[in-house]
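Q: One structure is given below, represented as structure tokens, and several questions about it will come after.
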Amino acid sequence: MSSRALSLWGGRLLTILTIAGIGVTLLPYFWMLSSSLKTSSEVFELPVRWLPREPQWSNYPAALSRGAFGVYFFNSAVVALAVMAGNLLVCSLAGYGLAKFRFPYRELSFRAILSTLMLPLEIVLVPTFLVVRGLGLVNSYGGLIIPLAVDAFGIFLMRQYIKDLPDSLIEAARLDGCSERGIFWRIILPNCKPALGALALLTFRDNWDQFLWPLIVASKDTLKTFPLGLAQMEGIDSAAYHEIMAIAVIAMIPTAIIFLFFQRAFVRGIALSGLKE
Amino acid sequence: MFQQRVGWRWPSLSLQTRLCWAGFLFVLPALLHLIVFKFYPMVEAFRLSFYKYDLMTPPVFHGVENYKTVWNNPLFHQSFWVSVKYMFGVSVPEWFLAFALALLLNRGMPGRPVIRLAYFFPIAMSQIVVALVWKFMYNPLGVVNTLLGAVGIGRINWLATEQSALPALILIGIWRGIPLFGVIYLAGLQSIPKEYHEAATVDGAGPWQSLRHVTIPLLTPTILFVMVMSLLSAMKVFLNPLVMTEGGPNGTTRVLPYFIYETAFAYHRMGEAAAASMVLFAFAFALTLIQLRLLRRGGVE
Amino acid sequence: MRRWLVACLSFVVTAALVAGSAFAQTITWWEHSNPPHNNYSKELVADWNKTHPTMQVEYEFFAMTPYFKKLSAALSTRSAADMFTVIDTLLPSFTTKEVLAPIHPEWLGYKNLDDMKKAYLPGALDGYIHDGKLYAVPMIAATFSLYLNRKHFQEAGLDPDKDYPRTWEDIGRVGQKLVKMQGSTMTREAFDFAMHSSAWTMWYMEGLTRQYGGSILDPAGKKCTANGEAGVKAMQVRSMYVHKYKISDPTVSLATNALPADDMPKGRVSMFITHAGSVAQFGPKFMEDVKVVPFPQVNPRKPVSIIYGFALAVNPHLSEAKQKQVHELIRHVVKNPKEWYDKTSYPYPSANFLELPGMDEARKTRYLDVFIGDIKTGTYVTRTAYYLEISDAMHRAMERVVLKNEDPKASLDQACKEIDSALAKP
């Protein structure tokens, strides 16, 4: 076969695979949405119904009333936003320090910081819990937020990005008599927007659905995050999938919006940070 | 928070020293946080691994007994291998499929923004939602079996059958990981200046050769990053086994983090859980080092 | 300016907190989740709160599986609730660590513990006594009984009142007339055991093993005896409906369902063993199609069944005054056994339960006789502080036999190895 024909067929195959891939990727979403509008008996009907006979919009308010979901979503938002803010601030500070300054043990600090990426929370769950208890933060917003407020990934990202900023900018500002603090706020941060954007998105997404840490730290119902509410709902009545899916759909809205509107900035942010060792 | 110093100058110190301090102070908040919430717990976990502690009565020193118990516990070994199978079962396909995805999306394709969106959506789905939706889809009476039934495959109880439970979870891991790592690869691909590819074509290289000799070498840092991050994040997986299978059936989805959680919080054997955690950490550390070494030899710029 | 604002705010917040705590004290109460039960508890709390404006009760409930993990984590950090519901099987893991306050029968209106025992069904308090002291006050005595779907029986030409199974083999025989197949796929199970929880597995297995004259642990709770002759026979019964009689198929039921008795109302299974609380969970409408009969037996002349219960325990870190208040709350919660029964369909283990006014009707229409009968012939699972490890090991053994058709003796041998090594740890 000529190479042109080959590439034509190759192109067609690629298209088919792409469409199939999209199908597989989106199937859970479709299923989630469709199930959220079914009645409780349609949900497990055999043979499987792809679409509800009549959309049950009432599932949504019914599901929300199964637990204090208003509070839960609020808490998730608070945690996500606060942790995001914490990360944005502290990680860019640290990234700047590691990228543009020289001080003893700088590289060691950086490697030590990176090594914390290898620590899943589950490993240090109990000692971290003990620390939080020692600080008197159990069962409080502080306990939910502070331990998560800094993550090595953000430091890594910001350092990579800031490294590529031209030194001349900084030196010029110094010559002008700008304080170090001023340089950070007025020169560095404004030039970091793509990386900050990417970090904001990732941090928000990772913390919007915090489950394990709130499970351990929060026992008051008023402090629970929505994943706890969902798990509780499923644990109590796992047959009520239509309502569970309704909550799942609602839970997706913030991250979906963010990704719809900010995905380009996100990709650029990752790209421009280079990710070189 | 970075302290407000209005009008502070250090006139007596040289610029060099001043900058030194400034750098350190910038990094200080992060370091403090990590020391309190990561390093200290890590050290504590190490210390606890030498004690018997049931969370409710004070810890009792126990020497290396916990390590011996963990080592002699067949459930620990089972969990270790479940984790290894999961980690590589998820990561290795991710490396290739995410790369393929990125290459695909990098071509000019009609409807690219839409396709891109579709592939990236799984990133937006919360972990707990992923777990519940897939649990639902894997139900014996659910979608997956229906689709397979259309192709003539009989009803499988995915999450309650030993041979299928772990693969079922692995599939979810891959489904979720490809878009994320695809984005990272895509970003990497897009940062390669066109001139390199053009030069290669001028030299007579075909698409495969261009890939092998231009793209991949230039992308090595990104590839390294993806490899390390995918393994590490697969190692940490915990929510899916917790919500979907509770580690069963017969422990075939009990990954090591789940074993640790169970030993600590259900069985109240904190010391043993800490010992198992140390093993997990050592494994992760060794794995990362090996990867870094291997790829460094492969030629990182 | 900013500093002044911050100072003001902190002062206001502190003042509010202090003032708030002076106004109303709270008693926190934690419970596991069970919808009819939680609803009644909420009513009780609302009642209390009306008459106790300065001592309000805050009630929280959690899904069962994480509840006990969370409870132990909280007890370790002294952040547990003032009063919490415990299940009898997990009591030893708490009492052996002294994280429960002993109950004072005098504060509940009794002269002493012996006096209190007389007010309950014989043996009902035993599950909650450790070292001669009582550590929790039961509010529910639960037992397992056999529920069957009348309609299915009638459709198959059987008489639910005469032909109901009395033994495990009966279930196999009767089940063959009830099972529905479509080709080689089972579309309706005749009978199944719940498979989702190691606690349920333990109850089934302990019941069966005791019927054969053995038990899962030796009486001292120090050694595993589940792989003895009795245990092996028990496991054979457990798995025979899948492999021998073929009236049971794990892929039909929602094997991971947390409300295990959901298969019955949805018509996916004709016979099912569940606890007394399912009467309330199924609801009166479905219960019209249901008949409840005693727990199946190996030997109907020597019946043995299984009981468990939920009880209220007190946080030991409370001041004596607060503990007294919590005892008041306990009295309030258990003061009306008939109401407990009406709302949750769980019997209350008080000695005069059956003689309470209004009970006659319940005996006729709500199978109370069946439940009380099973309670009377019932035993608690052997007390052990390692309950969760043991039940997980048994659950895995069951999964191996039922799902993989592994040999029961081999599977139980492995379980005993795991259990013995857990028991051996200090």
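Q: Go through segment B:98-130 and give me each residue that's small (Gly, Ala, Ser) and either surrounded by fewer than 20 Cβ atoms within 10 Å (Cβ to Cβ) or within 9 Å of chain A (Cβ to nearest Cβ) (or both).
A: The answer is B:ALA100, B:GLY108, B:GLY111, B:ALA118, B:ALA124, B:SER126.
Q: Would it be correct to say that B:LEU218 is within 12 Å of chain A (Cβ to nearest Cβ) and at pLDDT below 80?
A: yes
Q: What number goes with the only condition from (1) more than 9 Å from every other protein chain (Cβ to nearest Cβ); (2) touching a helix residue (DSSP H, G or I) at 6+ places or on another chain (Cβ under 8 Å) that B:GLY63 does not pass?
A: That leaves (2) as the condition not met.
Q: What do you reckon, is C:ALA73 without any contact (Cβ under 8 Å) to a residue 12 or more places away in the chain and buried (at least 23 other Cβ atoms within 10 Å of the Cβ)?
A: When the stated conditions are applied, C:ALA73 passes them.
Q: Shifting gears a bit: Can you list the helices (runs of 4 or more DSSP H) lying wholly within segment A:35-133 that have 1 or more residues being among the β-branched types (Val, Ile, Thr) and within 18 Å of A:GLN210 (Cβ to Cβ)?
A: In segment A:35-133, A:69-100 are the helices (runs of 4 or more DSSP H) which contain 1 or more residues that are among the β-branched types (Val, Ile, Thr) and within 18 Å of A:GLN210 (Cβ to Cβ).
Q: Looking at segment A:239-246, is at least one residue within 28 Å of C:PHE84 (Cβ to Cβ) and at pLDDT below 70?
A: The answer is yes; a qualifying residue exists.
Q: Is it true that some residue in segment B:45-67 is out of contact with any Cys (no Cβ under 6 Å at 6 or more places or on another chain), crowded, with 19+ Cβ neighbours inside 10 Å and under 25 Å from B:ASN240 (Cβ atoms)?
A: yes
Q: Just the residues that are within 22 Å of C:ALA80 (Cβ to Cβ) and assigned to a helix (DSSP H, G or I), please, taken from segment A:134-165.
A: Answer for segment A:134-165, where residues must be within 22 Å of C:ALA80 (Cβ to Cβ) and assigned to a helix (DSSP H, G or I): A:GLY134, A:TYR141, A:GLY142, A:GLY143, A:LEU144, A:PRO147.
Q: Continuing with the same structure: Can you say whether A:VAL131 is modelled with pLDDT of 85 or more and under 15 Å from A:SER92 (Cβ atoms), as far as the supplied structure shows?
A: no
Q: Look through segment C:174-189, keep the residues that are touching a residue at least 60 places away in the same chain (Cβ under 8 Å) and not β-branched (Val, Ile, Thr), and return whichever of them is nearest to C:GLU155 (Cα to Cα).
A: Among those that are touching a residue at least 60 places away in the same chain (Cβ under 8 Å) and not β-branched (Val, Ile, Thr), it is C:LEU178.
Q: Here is a follow-up. So which of C:ALA280, C:ALA351, C:ALA261, C:ALA362 ends up being at pLDDT below 90, within 24 Å of C:PRO250 (Cα to Cα) and small (Gly, Ala, Ser)?
A: C:ALA261
Q: Something else: Quick one: which residue in A:LEU202, A:LEU230 is more than 14 Å from chain C (Cβ to nearest Cβ), in contact with a Gly (Cβ under 9 Å, 6 or more places away or on another chain) and closer than 23 Å to B:TRP134 by Cβ?
A: Of A:LEU202, A:LEU230, the one residue that is more than 14 Å from chain C (Cβ to nearest Cβ), in contact with a Gly (Cβ under 9 Å, 6 or more places away or on another chain) and closer than 23 Å to B:TRP134 by Cβ is A:LEU202.
Q: Would you kindly identify the strands (runs of 3 or more DSSP E) lying entirely within segment C:210-319 that contain at least 2 residues that are of a type in the set (S, T, N, Q)?
A: The strands (runs of 3 or more DSSP E) meeting that bar are C:269-275.
Q: While we're here: If the requirement is being buried (at least 17 other Cβ atoms within 10 Å of the Cβ) and more than 12 Å from every other protein chain (Cβ to nearest Cβ), which of these qualifies: B:TRP95, B:TRP134, B:TRP158?
A: B:TRP95
Q: Also, quick follow-up: Take C:GLU339 and tell me if it is within 21 Å of the chain's Cα centre (by Cα) and under 30 Å from B:ASN66 (Cβ atoms).
A: So C:GLU339 fails the test.
Q: While we're looking at this one, here's another question. Do any residues in segment A:85-96 that are more than 7 Å from every other protein chain (Cβ to nearest Cβ) have Cβ atoms under 8 Å from those of residues that are of a type in the set (Lys, Arg), where the two are at least six apart or on different chains, and which pairs are they?
A: A:GLY95/A:ARG159
Q: Cβ-Cβ distance below 6 Å, separation of 6 or more or different chains: which pairs start in segment B:169-184 with a residue that is among the hydroxyl-bearing types (Ser, Thr, Tyr) and end on one that is assigned to a helix (DSSP H, G or I)?
A: Once the first residue is among the hydroxyl-bearing types (Ser, Thr, Tyr) and sits in segment B:169-184, no partner that is assigned to a helix (DSSP H, G or I) comes close enough.
Q: Separate question: Tell me which residues, restricted to segment C:64-90, are closer than 13 Å to A:VAL217 by Cα, touching a strand residue (DSSP E or B) at 6+ places or on another chain (Cβ under 8 Å) and in a loop (DSSP other than H, G, I, E, B).
A: Answer for segment C:64-90, where residues must be closer than 13 Å to A:VAL217 by Cα, touching a strand residue (DSSP E or B) at 6+ places or on another chain (Cβ under 8 Å) and in a loop (DSSP other than H, G, I, E, B): just C:ALA80.
Q: Follow-up question, since we're still on this one. Report the residue count in segment A:210-249 for those that are within 28 Å of C:LYS266 (Cα to Cα) and among the β-branched types (Val, Ile, Thr).
A: Residues that pass the stated criteria total 4.
Q: Criterion first (more than 14 Å from chain A (Cβ to nearest Cβ) and modelled with pLDDT of 80 or more) does C:PRO36 satisfy it?
A: Answer is no for this residue.
Q: Something else about it: Kindly establish whether B:ASN145 is more than 25 Å from B:MET244 (Cβ to Cβ), buried (at least 21 other Cβ atoms within 10 Å of the Cβ) and more than 26 Å from the chain's Cα centre (by Cα).
A: No: the conditions fail for B:ASN145.
Q: Sticking with this one: Considering C:ASN38, C:ASN49, which residue is within 21 Å of the chain's Cα centre (by Cα), surrounded by fewer than 20 Cβ atoms within 10 Å (Cβ to Cβ), outside any loop (DSSP other than H, G, I, E, B) and free of Cβ contacts under 8 Å to residues at least 60 places away in the same chain?
A: When all the criteria are applied, what remains is C:ASN38.
Q: I've got another one for you. What's the total number of residues in segment A:27-45 that are exposed (fewer than 15 other Cβ atoms within 10 Å of the Cβ) and at the interface with chain B (Cβ under 9 Å from one of its Cβ atoms)?
A: 1
Q: For B:HIS268, only one of the following conditions fails: (1) part of a helix (DSSP H, G or I); (2) more than 25 Å from B:PHE181 (Cα to Cα); (3) touching a residue at least 24 places away in the same chain (Cβ under 8 Å). What is its number?
A: Of the numbered conditions (1) part of a helix (DSSP H, G or I); (2) more than 25 Å from B:PHE181 (Cα to Cα); (3) touching a residue at least 24 places away in the same chain (Cβ under 8 Å), the odd one out for B:HIS268 is (1).
Q: For segment B:183-256, which helices (runs of 4 or more DSSP H) that fit wholly inside it have 3 or more residues that are within 16 Å of the chain's Cα centre (by Cα)?
A: Qualifying helices (runs of 4 or more DSSP H): B:216-235.
Q: Only one of B:ARG269, B:ARG254 is charged (D, E, K, R), closer than 30 Å to C:ASN405 by Cβ and buried (at least 22 other Cβ atoms within 10 Å of the Cβ). Can you tell me which?
A: B:ARG254
Q: Sort through C:ALA124, C:ALA136 and tell me the only one that's modelled with pLDDT of 90 or more and within 26 Å of C:GLU355 (Cα to Cα).
A: C:ALA136
Q: Please work out if B:TYR196 is in contact with an Asp or Glu (Cβ under 9 Å, 6 or more places away or on another chain) and without any contact (Cβ under 8 Å) to a residue 40 or more places away in the chain.
A: Considered against the rule, which asks whether it is in contact with an Asp or Glu (Cβ under 9 Å, 6 or more places away or on another chain) and without any contact (Cβ under 8 Å) to a residue 40 or more places away in the chain, B:TYR196 comes out as no.
Q: Provide a single number: the residues in segment A:133-156 that are among the small types (Gly, Ala, Ser) and in contact with a helix residue (DSSP H, G or I) (Cβ under 8 Å, 6 or more places away or on another chain).
A: 5
Q: Another question, then. For segment C:337-370, how many residues meet the condition of being hydroxyl-bearing (Ser, Thr, Tyr), over 19 Å from C:LEU146 (Cβ atoms) and either touching a Lys or Arg at 6+ places or on another chain (Cβ under 7 Å) or in a helix (DSSP H, G or I) (or both)?
A: The total comes to 2.
The values are calculated or read from the model by the stated rules, or taken from the named source; none is laboratory data. All of these numbers come straight from a predicted model, not from anything done at the bench. Cβ atoms come from the backbone with ideal geometry, glycine included; neighbour counts cover every protein chain shown.
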